[in-house]
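Q: First the structure, which I've put down as structure tokens, then a few questions once you've had a look.
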Amino acid sequence: MRELARWGAGALGIAVLIIVWELYKALGPADGLVIAGVRVLPRTSDLAMPHVWDMVARLGEPVSRADGAEPLWVAVASAALVTLGIAAVGWLMGLVVGLVLALIMQRWRLAEWGLLPWIILSQTIPLIAFAPVVRSWGSRIEIGAFEWQDWMSVALIASYLAFFPIAVGALKGLQAPDTIHLELMRSYAVGWWKTLTALRLPAAVPYLLPALRLAAANAVIGAIVAEVSTGLQGGIGRILIQYAGQASGDPAKAWGPIFGAIVLGLAAAGSIALLGAMLGRYRRVEVGA
Amino acid sequence: MQTTRVIAPIVVGVVVLGAWQLAVTFGGVSDYLLPSPAAILGQVADFGDSMISAGIITGTNALVGLVLGSVFGILLALLAAATRLIDHMAAPIVAALAVIPIVALAPVLNTMFGADSQVGRQIIASLAVFVPVFINTLRGLRQTLPVHRDLMTSYAATPRQVMTTVTLPTALPFVFTGIRIGSSLAVISALVAEYFGGPRGGLGGLISTSAASSAYPRAWAYVLVSIIIGLAFYLVTLAAERVAVRRRL
Amino acid sequence: MTDAVVISGVDKTFETKGGLVHALEAIELTVSEGEFVSLIGPSGCGKSTLMRLIADLDQPTTGTVQVFGRSAREARIAQDYGIAFQQAGLLPWRTVAENIELPLSLHGVGKAAREARVNELVGLVGLSDFADRYPDQLSGGMQQRVAIARSLAEKPRLLLMDEPFGALDEMTREHMQSELGRICAETGAAVVFVTHSIPEAVFLSDRVVVMSPRPGRVQQIVPMQLAATSDRHDDMREEAVFFEMITAVREALHQGSPSMVRGVENR
Amino acid sequence: MTDAVVISGVDKTFETKGGLVHALEAIELTVSEGEFVSLIGPSGCGKSTLMRLIADLDQPTTGTVQVFGRSAREARIAQDYGIAFQQAGLLPWRTVAENIELPLSLHGVGKAAREARVNELVGLVGLSDFADRYPDQLSGGMQQRVAIARSLAEKPRLLLMDEPFGALDEMTREHMQSELGRICAETGAAVVFVTHSIPEAVFLSDRVVVMSPRPGRVQQIVPMQLAATSDRHDDMREEAVFFEMITAVREALHQGSPSMVRGVENR
Amino acid sequence: SASSDDAPADDDSLTPVKLQLQWLPQGQFAGYFAALDQGYFEEAGLDVEIIPSGGDIVPQDALANGDVDYAIAWVPKVLGSIEAGANVTNIAQIFQRSGTLQVAWADSGIESVADFEGKKIGSWGFGNEWEIFAAMAEEGLDSTTVEIITQDFNMNAFLSGDIDAAQAMTYNEYAQLLEAIDPETGEQYTEEDFTVISYEDTVGAMLQDAIWADTERLENDEEYQEATVEFLKAVIKGWIFAAENPEDAAVIVADNGSDWGASHELWMVNETNKLIWPAANGIGFIDQAAFDATVAAALSAKNETGAALITEEPPATAWTNEYIEKALAELEEEGIDIKGEGFTPIDVELLEGGA
Ligand SMILES: Nc1ncnc2c1ncn2[C@@H]1O[C@H](COP(=O)(O)OP(=O)(O)OP(=O)(O)O)[C@@H](O)[C@H]1O
Ligand SMILES: Nc1ncnc2c1ncn2[C@@H]1O[C@H](COP(=O)(O)OP(=O)(O)OP(=O)(O)O)[C@@H](O)[C@H]1O
Ligand SMILES: Cc1ncc(C[n+]2csc(CCO)c2C)c(N)n1
Ligand SMILES: [Mg+2]
Ligand SMILES: [Mg+2]
């Protein structure tokens, strides 16, 4: 019941957003509100703000007028699935890298001091600056039957955004056990490894879950940006720029992949909730993200 | 101990940069794709003026975004903390904002607010800042200890007094955590938004322009400037957070 | 002379997810002016709840609570009482002096008057040298003293204290008890004091109210046959009459819960 | 028969930002097998530090600590002792049974043997019906009992307990003391028990070691003239000899810190 | 694909070749996709993989780094890369003319580059802006007197009035304008609504889509030399196919992942054909005068940071007609028309939204 009210309120929030959009579009000045040369409120033209119903209706219409063209939403959905797959790989890579870094930093204080500032700094480098480098280096990798695929570059770039919250969150989590628990382990005369598996990892779960959720959202964002950046076909990043290119003649179409990207991000982040449900016993004491 | 803490990252940095420089100078890694640190610094020197002016343009956008995003994040969090309905209504919208990539929004906002102004980019930066500030502020506003709340009730304090004496000071460190997280996001977002149109002269545009004609040392020099600005934003907000945590108001 | 607190026919039930919780039942209790009354009883028996009703931090389901002849709500708004909890509940961003003057500044007392009162109070609780410290620079006992000074700031005629020494170690605790006895004697305030400690209740009180396990009822009221509160000092703790009183309260308590069944005490 | 613990000439200093902290000085103490010894003293006098030295959680600056004839380190690695702290320190993601078997599974004890031992232990601490609960579903007293069961899991001949009942309310505490007395009698383990509570120390101990304020020294060792630990029961708390022993320990304590100066107790 | 029946069956005998495009698949690259689809590459003994690019992929870098064997890129951008150290050579100048326009509203009064002064002029950046700077330099204009605004992927900035004149390719963005609806009339815009400045008519004109190869391999790698000639022959045949069958070519491009509407795609192929055909010296032949003009413009233009695209003449290895001449000669022998003198573009009607 309370859950239902929550969803209801959420729906109401979206409804309000739609109403504000349409009301502003109907009543707002065509060229937006310009104060002292700065446009503080947007234009209301169909080009800038398509009607909500046009955006939704466009989803149901075919991508192009070619024979047998699939509906826009199908195109968006299948592109989203491609991106989801790539993002999932990126997320996994980020998970491995993040966990390994966190373990190293937990194990050696000096490593924490030496690495953590750089890990934080790494996130101030814009992705697009090194997307071509990644693709180029990747394309030279060929080990036996394994040949680097372009989507792997995208996954690698996605992992660059994904590893960060995991490294930081996992480190915090691994350092979370109380002294009393650590001393208990010492009193049992067990080493670092057993302390890790019996104590540190389980204790890290409540810190790890929000980090994994953030990483999932980041992986999707990173994958989309990398798709745009490297021009990978098939994913949502690709149709994002493609439809944006068509926005002058078909403004509503460009919103399709935007909605797709949002749903994709929510789905990725939401799937971590599932993981969280499976790890319920480790979350009996919950911590903030 | 304190000195090790400062020296350790510097050592790591020097080792990595040194290895990088050596790899390029002697190791057969082509200077073409991965320019050496020396080459990058050389470009910083050669294009100092344009680095500064580009840094100012992008930095200003980021700063405006940081301020706008923080203000709106805090205000909406105050509303959401006060009214459960607003909280629940905002939830899906905030969740969507948290996962939406800049590349998706940039073209749309440019059309809405005009490609000849910085407003679209500033809004993108503020959206990036809004999410962590809102989430953290809202969490902070809920941290008020029951004992403090009881105390205020026992003083028959007005809602306004409760807000200023207990609720806000308790939330303050959380607000600053949000702003700190938002600070480097603001710089990145403002920069990335430049890839998708608008006035030229910012770091993002110059990175892409340089890269397009393979002037990679110059492109990385602009990246370096962006890192410095991002770091500056981070450190300033971190300092503000430290002060806030220590003394709150 | 009106009584400090008159509780009559009070029942309190909480609605929770697990159903109704009957916390208090048919409470009748009067606290005279200047009297020190302790509430003691097993965990979960409703001591805190009862104190919160007096403070108007919660309202009874049935029955009435009167404080100095008016309703609890009016008394709260009139600032008839001062209150202190188990956690000191100091605002960490305020100094000792600023914490103590908190109620005064909330109620618009002028700066000069505030300063004078704070000076008096830090002296009273023996923290004159610590007025400019922040709470995290104080020991637990010192923090609790600040909280007590704060509860005294507006010279209330009634003090409500919910296990104020619960978080302190036993030796600090004994020391604080003596201090509190002295302070109460000096201010002449009535006190409703919640505690788990029998010696503490005995040492401080004029009367000890022993409550039964949930639903909390007044099981027995044990009057203390000791010197006037103001005359009690540490040596008394080794006197035979002290031990007698302890035994009396102990027995009253155990009478309510004859067999403490293993593993089922309330949290 | 070797003694359980032999401490000789132990000094302990800590290096801190504020300079050297002299925590323990010239400690000499022997605990016989099966003996129950309590450490009592003002906050910060080094009780926990001393216990941590025995447990090899920290090392003395000078002097030696022997446990059952070997070094503290060897004793720890040989799992000669069980330990319990003020906080129960249960792992929240493990059930009661899983918490109790933690040391066993860490040391590679087989599943069947583990189950049998856990069964015994939950029975011993009276939690048979709660084996599958998680710690957050238990009251503080029940959690502490789980911690005690855990400390007993490997049948240690020495139990180290640092204020294990410090976080409990007085009534639960009394109850737990009785339980602990019974369990110790059943297992025959020697116990080093840190506490702040004089009645607790008196009720449980064969000998009470009273320590002086920092730097912690052994001020006086008070032998308890009471029935054997195994024979003590709740009624004893109302007996005259109990109060006498309390007074004896109180006086030993106050002798060490004649004037508790206001506002300077250690945190 | 359509006619691979008669192609050599044995896949292993084919030489693998990677071709890097400079943008997403679209009509601009119709000839390459046609060559692939029609089996011309296979006939030439090549197994060609066409690699599209995105926002940040620089085709000549992919080539210089050895990621690919050939790349399509605009000459001026590559000149910059060559100065930065890329060792690549232009082996075929497919587009003989510049397709860049600057489009203004008909009533804006902007009729020539000189009129840019004080105006907001759109450009894509990404190295596509050099023609503008070069043309402006001739008129004594630079970024201090003209405000340059980066356009994004569409023409909305122009349609909304944010910029006074937009950069547009004849084959793409100009069509986007003609497909858009004029909110005042409810109808599509027409050519009369705009004034169009073609950079081909200015000194800023620079050579555009060319095929680039790895200089070092051209010098040392005999197989690569042979493959290059074969590759060029197949590409030429592809472009001839596109010239003769624009409708089919448009469909082929669409099948290869282009998502434009049919009319827009056809327009693109048709306009691209116009930039290639007729080819006075044969398709792909590099006209030294045109190349020198491009170099001269690249030396003169300075962007807003004061950086010039290049500071010195490119090395002689920057271009060679050796391979295209060979390819053209062999094809001519087969009786194929390599100049397209009779080429006539078709008329394409752009539908709303390019549908
Ligand atoms: N806000 C509330 N909502 C629901 N139940 C409550 C609430 N406050 C108290 N209770 C329940 O009422 C009963 C009495 O609680 P109360 O806190 O007054 O006990 P107490 O005697 O102070 O216990 P303790 O000694 O542990 O402090 C308990 O069972 C408690 O769980
Ligand atoms: N790791 C440490 N580093 C520095 N000083 C320490 C450390 N551990 C303990 N001390 C200091 O040593 C002294 C003794 O501490 P200890 O914890 O043993 O006291 P205690 O008797 O257990 O006190 P309490 O009753 O408060 O638990 C204190 O002054 C304490 O501050
Ligand atoms: C990020 C980005 N890069 C280039 C263009 C422009 N553009 C698209 S196709 C084409 C011709 C060359 O292929 C040009 C110049 C753009 N709109 N966005
Ligand atoms: Mg209570
Ligand atoms: Mg201790």
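The values are calculated or read from the model by the stated rules, or taken from the named source; none is laboratory data. Small disclaimer: the values here were computed from a predicted structure and weren't measured. For neighbour counting, all protein chains shown are included, and Cβ atoms are generated from backbone atoms with ideal geometry for every residue, glycine included. Calculation scope for accessible area: heavy atoms of the full protein, side chains included, ligands and nucleic acids excluded. Shrake-Rupley method; radii C 1.70, N 1.55, O 1.52, S 1.80 Å.
Q: Rounded to whole Hz and in sequence order, give me ³J(HN,Hα) for region D:240-248 from the Karplus expression 6.51 cos²θ - 1.76 cosθ + 1.60, θ = phi - 60°, writing x for Gly and Pro.
A: Working through the residues one at a time gives 5, 5, 4, 5, 4, 4, 4, 4, 4 Hz.
Q: From other protein chains only, count the Cβ atoms within 10 Å of every residue's Cβ in A:138-148, then give the mean.
A: The mean count of partner-chain Cβ atoms within 10 Å per residue comes to 1.
Q: Seen from all sides and averaged, what is the projected area of the convex hull of the Cα atoms in chain D, in nm²?
A: Quarter of the Cα hull surface area: 15.1 nm².
Q: Provide the per residue accessible area, probe 1.4 Å, for the protein assembly as shown, rounded to a whole number of square angstrom.
A: Heavy-atom accessible area per residue stands at 39 Å².
Q: Give me the distance between the Cα centres of region D:123-188 and region B:21-78, rounded to whole Å.
A: If we compute the Cα centre of each part, the gap is 60 Å.
Q: Can you sort E:D56, C:D129, C:D234 by solvent-accessible area, 1.4 Å probe, largest first?
A: Heavy-atom accessible area, descending, gives C:D129, C:D234, E:D56.
Q: For D:T30, which sequence-distant residues (separation of 5 or more, or a different chain) have an amide H within less than 5 Å of its own amide H, given hydrogens modelled in the peptide plane?
A: So D:T30 has HN proximity to D:I7.
Q: Label-to-label distances across copies for C:K17, with labels 7 Å out along Cα→Cβ, in nm, shortest first?
A: Nearest to farthest, the other copies are at 4.1 nm.
Q: Excluding E:T150 itself, calculate the net charge of residues whose Cβ lies under 13 Å from the Cβ of E:T150, where each Lys or Arg counts +1 and each Asp or Glu counts -1. Spell out each step's value before the answer.
A: Numbers: positive: B:R121, B:R200, E:K120; negative: B:D116, B:E194, E:E129, E:E147, E:D152, E:D162, E:E304.
Surrounding charge for E:T150 is -4.
Q: Right, another one. Over chain A, what is the relative contact order in percent, taking alpha-carbon pairs closer than 8 angstrom and at least six residues apart?
A: Once divided by the residue count of chain A, the mean separation gives 22 percent.
Q: Oh, and also: So for region E:130-252, Kirkwood radius off the Cα pairs, Stokes-Einstein at 25 °C and 0.890 mPa s: how many µm² s⁻¹?
A: This corresponds to a translational diffusion coefficient of 133 µm²/s.
Q: Next question. Once you place label points 7 Å from the Cα toward the Cβ at E:D221 and E:T344, how far apart are they in nm?
A: Between E:D221 and E:T344, the label points sit 4.4 nm apart.
Q: While we're here: Just tell me how shielded A:117-124 is by partners: mean number of partner chain Cβ atoms within 10 Å of each residue's Cβ, no decimals.
A: Mean shielding by partner chains, rounded to a whole number: 6.
Q: Would you mind counting up the charge near D:V118? Only other residues with Cβ under 9 Å from its Cβ, with Lys and Arg at +1 and Asp and Glu at -1.
A: Here the count lands on -2.
Q: Which order do E:V113, B:V16 take when ranked by solvent-accessible area (1.4 Å probe, heavy atoms of all protein chains), largest first?
A: Numbers: E:V113 10, B:V16 85 Å².
From most accessible down to least: B:V16, E:V113.
Q: Which number do you get for Rg(Cα) / (2.2 N^0.38 Å) in region E:244-355?
A: On the way: Rg = 18.6 Å, N = 112, 2.2 N^0.38 = 13.2 Å.
For region E:244-355, the normalised Cα radius of gyration comes out at 1.41.
Q: Let me ask something else. Along the positive direction of the dipole of region C:166-251 (beta-carbon charges: Lys, Arg +1; Asp, Glu -1; about the Cα centre), which of C:Q219, C:V202, C:A248 reaches farthest?
A: C:Q219
Q: Let me ask something else. Quick one: which of C:K12/C:K47; E:K18/E:K233; D:K111/D:K155; E:K120/E:K274; E:K77/E:K326 span more than 19 angstrom between C-alpha atoms?
A: Beyond 19 Å between Cα atoms: E:K120/E:K274; E:K77/E:K326.
Q: Pairs of alpha-carbon atoms within less than 8 angstrom and 6+ residues apart define the contacts here; what relative contact order does chain E have, in percent?
A: Once normalised by length, the contact order is 27 percent.
Q: A further question on this structure: Per-residue HN-Hα couplings for region A:180-189, Karplus 6.51 cos²θ - 1.76 cosθ + 1.60 at θ = phi - 60°, whole Hz, x for Gly and Pro?
A: 4, 5, 5, 5, 4, 4, 5, 5, 7, 6
Q: On to the next question. Along each of the three principal axes of the Cα atoms of region B:60-248, give the extent in whole Å, ordering the values from largest to smallest.
A: 70, 34, 23
Q: Right, here's the next one. Among B:M152, A:S248, A:A80, whose Cα lies farthest out toward the positive end of the dipole of the protein assembly as shown, if unit charges sit on the beta carbon of Lys, Arg (+1) and Asp, Glu (-1)?
A: Of the candidates, B:M152 comes out farthest on the positive side.
Q: Under a Cβ-only charge scheme (Lys and Arg +1, Asp and Glu -1), can you give me the dipole magnitude of chain A about the Cα centre, in debye to the nearest 20?
A: 980
Q: Compute the angle between helix A:236-245 and the longest alpha-carbon principal axis of chain A, please, reported from 0 to 90 degrees and rounded to the nearest 10.
A: 30
Q: May I ask which residue of B:V24, B:T58, D:L159 lies farthest towards the positive end of the charge dipole of the protein assembly as shown, with charges of +1 (Lys, Arg) and -1 (Asp, Glu) on Cβ and the Cα centre as origin?
A: D:L159
Q: Continuing with the same structure: What are the residues whose amide H is under 5 Å from the amide H of D:F85, where those residues sit 5 or more places off or on another chain and H is modelled from the backbone?
A: D:D162
Q: Under a plain spin-label model, where a point goes 7 Å from the Cα along Cα-to-Cβ, how far apart in nm are B:T83 and A:E3?
A: Output for this residue pair reads 2.7 nm.
Q: May I pose another question? Taking H as built 1.01 Å from N, whose amide H comes closer than 5 Å to the amide H of E:W319, not counting residues under 5 places away?
A: Long-range HN contacts for E:W319: E:N90.
Q: Rank-order A:119-125, E:270-276, C:199-205 by packing density, defined as the average count of other C-beta atoms within 10 Å over each peptide's residues, highest first.
A: Averaged packing, sorted descending, gives the order C:199-205, E:270-276, A:119-125.
Q: Let me ask something else. Extent of region A:1-49 along each principal axis, from alpha carbon coordinates, in Å, largest to smallest?
A: Sorted from largest, the Cα extents of region A:1-49 read 50, 21, 15 Å.
Q: Roughly how many Å² of B:I93 are accessible to a 1.4 Å probe, to the nearest 10?
A: Roll a 1.4 Å probe over it and B:I93 shows about 50 Å².
Q: Just tell me how shielded D:54-65 is by partners: mean number of partner chain Cβ atoms within 10 Å of each residue's Cβ, no decimals.
A: 1
Q: While we're on this one: R0 = 51 Å: FRET efficiency of A:W192 with C:E120, Cβ-based, nearest 0.05? Provide the component values of the computation, followed by the final result.
A: Values: r = 57 Å, r/R0 = 1.11.
Once rounded, the FRET efficiency stands at 0.35.
Q: Carbon-plus-sulfur fraction of the accessible area of the protein assembly as shown, 1.4 Å probe, in percent? Numbers along the way, then the final one.
A: Numbers: 31310 of 55340 Å².
The computed percentage sits at 57.
Q: Taking the Cα centre of region E:215-278 as origin, sum charge times position over the Cβ atoms of Lys and Arg (+1) and Asp and Glu (-1), and report the length of that vector in debye to the nearest 20.
A: On the way: 4 positive and 14 negative charges, 68 e Å.
My answer is approximately 320 debye.
Q: Which angle from 0 to 90°, rounded to the nearest 10, does the C-alpha axis of helix C:111-124 make with the longest principal axis of chain C?
A: Once rounded, one gets 60 degrees.
Q: Related question: Seen from all sides and averaged, what is the projected area of the convex hull of the Cα atoms in the protein assembly as shown, in nm²?
A: Mean projected area of the Cα convex hull: 60.6 nm².
Q: Take the Cα pairs of chain E, get the Kirkwood Rh, then feed it into Stokes-Einstein at 37 °C and 0.692 mPa s and tell me D in µm²/s.
A: Roughly 158 µm²/s, to the nearest whole number.
Q: What net charge do the residues around C:G9 carry, taking every other residue with its C-beta under 11 Å from that of C:G9, with Lys and Arg at +1 and Asp and Glu at -1?
A: Net of charged neighbours comes to -3.
Q: Still on this model: Starting from a label point 7 Å past Cα on the Cβ side, list the distances from D:V241 to the same position in the other copies, nm, shortest first.
A: 2.8
Q: Show me, for region E:202-217, the HN-Hα J-couplings you get by feeding each phi into the Karplus relation (A = 6.51, B = -1.76, C = 1.60, θ = phi - 60°), rounded to Hz, glycine and proline as x.
A: Calculated HN-Hα couplings, in order: 10, 6, x, 3, 10, 6, 10, 3, 10, 9, 10, 10, 7, 4, 5, 5 Hz.
Q: Something else now. Using the crude model of +1 on Lys and Arg Cβ and -1 on Asp and Glu Cβ, and no other charge, please compute the dipole size for region C:1-120 relative to its Cα centre, in debye to 20. Intermediate results must be reported in sequence, preceding the final value.
A: On the way: 11 positive and 15 negative charges, 80 e Å.
The dipole of region C:1-120 has a size of about 380 debye.
Q: R0 = 51 Å: FRET efficiency of A:L121 with E:E191, Cβ-based, nearest 0.05?
A: According to the calculation, E is roughly 0.45.
Q: Another question, then. Against the longest principal axis of chain A, how steep is helix A:72-107, in degrees 0 to 90 to the nearest 10, with axes from Cα atoms?
A: That works out to roughly 20 degrees.
Q: Hey, another quick one. Along each of its three principal axes, how wide is the spread of alpha-carbon positions in chain A, in whole angstrom units, largest first?
A: 73, 56, 46
Q: Something else now. Can you give the FRET efficiency for C:E28 and D:Q255, using 1/(1 + (r/R0)^6), R0 = 51 Å, r = Cβ-Cβ distance, to the nearest 0.05?
A: So the FRET efficiency works out to roughly 0.65.
Q: Right, next: Label-point separation (nm) for D:V241 and B:T60, each offset 7 Å from Cα along Cα-to-Cβ?
A: Reported label-point gap for D:V241 and B:T60 is 9.0 nm.
Q: If you don't mind, another one. Hey, could you get me the Stokes-Einstein D for region A:32-173, Kirkwood radius over alpha-carbon pairs, 37 °C and 0.692 mPa s, rounded to whole µm² s⁻¹?
A: 171
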